[in-house]
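Quick notes on the structure that follows.
The values are calculated or read from the model by the stated rules, or taken from the named source; none is laboratory data. What you see is a predicted model, and the numbers here were worked out from it, not measured in a lab. Every residue, glycine among them, receives a Cβ derived from its backbone with ideal geometry; neighbour counts consider all protein chains shown. Just the protein is used for accessible areas: all its heavy atoms, side chains included, with ligands, DNA and RNA removed. Shrake-Rupley method; radii C 1.70, N 1.55, O 1.52, S 1.80 Å.
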Amino acid sequence: MTNVLEGAGPIYFKGNEVGILVSHGFTGTTQSMRPLAEAYARAGYTVCAPRLKGHGTTPEDMEESTYEDWITSIDDAYEWLKDRCKVIFAVGLSMGGTLALYVAQNYPDIEGVIPINAAIDIPAMENTEAMDGPFVDAIGSDIKKGGVEELAYERTPVRSIDQLLDLMSQVKSQLSSVHCPILVFVSDEDHVVPPHNSEVIFDTVFSEHKEIVHLENSYHVATLDNDQDLIIERSLEFFQMYTKTM
């Protein structure tokens, strides 16, 4: 078995009967989501942040995984929370936001979803046939704040990009099936996922209660960037609002 990088393992916190499923992004690890997961746990919530299959080990390991494997990682985390909680929310960064939307599409009892710079359409990644070799340059650590590094792969498997494209296409085609409350965070300057993705998500979901929050001082990995506190504060308010209205 391939060793998991230090800081890249799954995160579990047992708290009350409100569960928060937290998903990291493409080529990333749970390190990018730990500040949120820990803040949610301090607020008393039960938290599960899975390590998506093929992540947090080696790029070669990721190359062998599929988007169905990543979905299975999320499904397993959902079941872990379901065994312990009456209410579940889903939160995710980048592809993790895409997977959080998948949860909202496939689990009708989900109480709310928070995509952060979620990905449903990245034109710069589409022409994989023109990419030279099995790996391309890394996409991690798009962070405005100085001195902060994301724990992510230094190379991106081209085969995995094809899997991401398939996942984004699937989730994008079913956005109108999302009806639960949604809080969309979008960085105004993002060098990985075009901010327009979040606008499309916001406009297409059928949620009666929806809000979009613009992050003016963060790049793509906003959970480790200057707007981290704002994301935590607003998401905690979101959880509280929609558990009170049950």
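Here is how the numbers come out for the structure above:
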read-out: Rounded if a/c under 1.5, otherwise prolate or oblate - the stretch 55-125, Cα gyration tensor axes; value: oblate
read-out: Carbon/sulfur fraction of accessible area - the chain, other protein chains in place, 1.4 Å, %; value: 46 percent
read-out: Solvent-accessible heavy-atom area per residue, rounded to whole Å², over the chain at 1.4 Å; value: 43 Å²
read-out: Nearest-10 value in Å² for the accessible area of Y107, using the 1.4 Å probe; value: 40 Å²
read-out: Protection proxy ranking, peptides 37-46, 121-130, average beta carbon neighbours within 10 Å, highest first; value: 37-46, 121-130
read-out: Per-q log10 I(q)/I(0), the chain, q = 0.12, 0.17 Å⁻¹ (Debye; single scatterer per alpha-carbon; no solvent); value: -0.60, -1.29
read-out: Relative contact order %, the stretch 1-72, counting alpha carbon pairs below 8 Å whose residues are six or more apart; value: 37 percent
read-out: Entries in K53/K86; K86/K144; K172/K244 that, when Cα-Cα distance is taken, lie over 32 Å; value: K86/K144
read-out: Relative contact order of the stretch 37-195, pairs being alpha-carbon contacts under 8 Å that are 6 or more residues apart, as %; value: 24 percent
read-out: Share antiparallel - DSSP beta bridges, the stretch 1-140, percent rounded to 5; value: 20 percent
